[in-house]
Amino acid sequence: MIPKYESNKFQCPHCNTVAIQEWFDAHKAGSITNRVINNLYLDYRSRVRDYTQAAILEFLSEIKNPFQFRIYQFVPKGFSIATCSSCNNFTLWVNEEIIYPKKTTIPLPNEDLDEDIKALYFEASTILLDSPKGSTALLRLALQKLLKQVGKSGKNINNDIKDLVAEGLSPKIQQALDLLRVIGNNAVHPGQINLDDNIEVAEKLFSILNFIADELITKPKELNNLYAGLMPLETQEHIKQRDKQK
């Protein structure tokens, strides 16, 4: 759950917990303070003569607007803070946009990705909140490099996916590849998918890239390591000879 303005609950960028958020802004500060003052004078009024009630009410009415105005001198309009109920750290918002901390709750990239792909992944995560379209374009480039890492040309994503399908690629992996390819293309070229304000779509693409890396790189690597580590060399040689036979 990416942080959203005035949302009662979102994933805190400090502790990564989905927690209730307590909001504070100038309007709320002024309202709370005026309410406190009214309650204080309500207690006071119970101990004074009736003929002073009108004067007290007039005073409270006169200070309401000036006091609210004074609050805006210390807490400007458009300035808000959300405090996390889990870790008590805060996010700072100006004009409904989060400006601190400038980080998201994106999962770490797959460890088996090449370093240049990880760098693109991290760069995409840093601009996600400011530019979902730019973030998606970087992930498309990361996909292109990933395909090269698994032995394809890395020049044309569509053709590389076609080759993988011809080699027996799982349909679910093909769908993930095409999903990231198509949405990424819309980030680079005008298309039917509007990514300008669609952070949620861009956010999901990080998990999709990791899923692709896990299926095409990590799982085959783990299987190869198990095979090489557990299968006796003599048996491996017998299997090679078996597979050479027609």
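The values are calculated or read from the model by the stated rules, or taken from the named source; none is laboratory data. Not measured: the values here are computed from a predicted model. Methodologically, a virtual Cβ is constructed for each residue, glycine included, from the backbone with ideal geometry; neighbour enumeration extends over all protein chains shown. We work out accessible area using only protein heavy atoms, side chains counted, and drop any ligands, DNA or RNA first. Shrake-Rupley method; radii C 1.70, N 1.55, O 1.52, S 1.80 Å.
Using a probe radius of 1.4 angstrom, the carbon and sulfur fraction of the accessible surface of the range 75-186 is 51%.
Taking all protein chains as they are arranged and a probe of 1.4 Å, the heavy atoms of PHE122 leave approximately 100 Å² accessible to solvent.
In the assembled protein chains, ARG181 presents an accessible area of approximately 50 Å² (probe radius 1.4 Å). In plain terms, the chain from ALA228 to ASP243 could stretch by 3.7 nm, reckoned as 0.36 nm per residue minus the Cα-Cα distance.
Accessible surface computed residue by residue for the range 75-160, with neighbouring protein chains in place and a 1.4 Å probe, gives 50 Å² per residue. Taking every protein chain into account, the 1.4 Å probe leaves TYR100 with about 110 Å² of accessible area, to the nearest ten.
Shown are HIS189, HIS14, whose ranking by accessible area with a 1.4 Å probe and every protein chain present, most to least, is HIS189, HIS14.
The residues neighbouring ASN95, those whose beta-carbon lies less than 13 Å from its own, together hold a net charge of -3 under the Lys/Arg +1, Asp/Glu -1 convention. Modelled spin-label separation between SER207 and ASN88, with each label point placed 7 Å from Cα along the Cα-to-Cβ direction: 3.2 nm. Between their Cα atoms, which of LYS145/LYS221; LYS148/LYS204; LYS118/LYS145; LYS133/LYS219 are more than 20 Å away from each other? Long pairs (Cα-Cα over 20 Å): LYS148/LYS204; LYS133/LYS219. Expressed as a whole number of Å, what is the distance separating the alpha-carbon centroids of the range 117-139 and the range 218-237? Taking the Cα centre of the range 117-139 as reference, the centre of the range 218-237 is 36 Å away.
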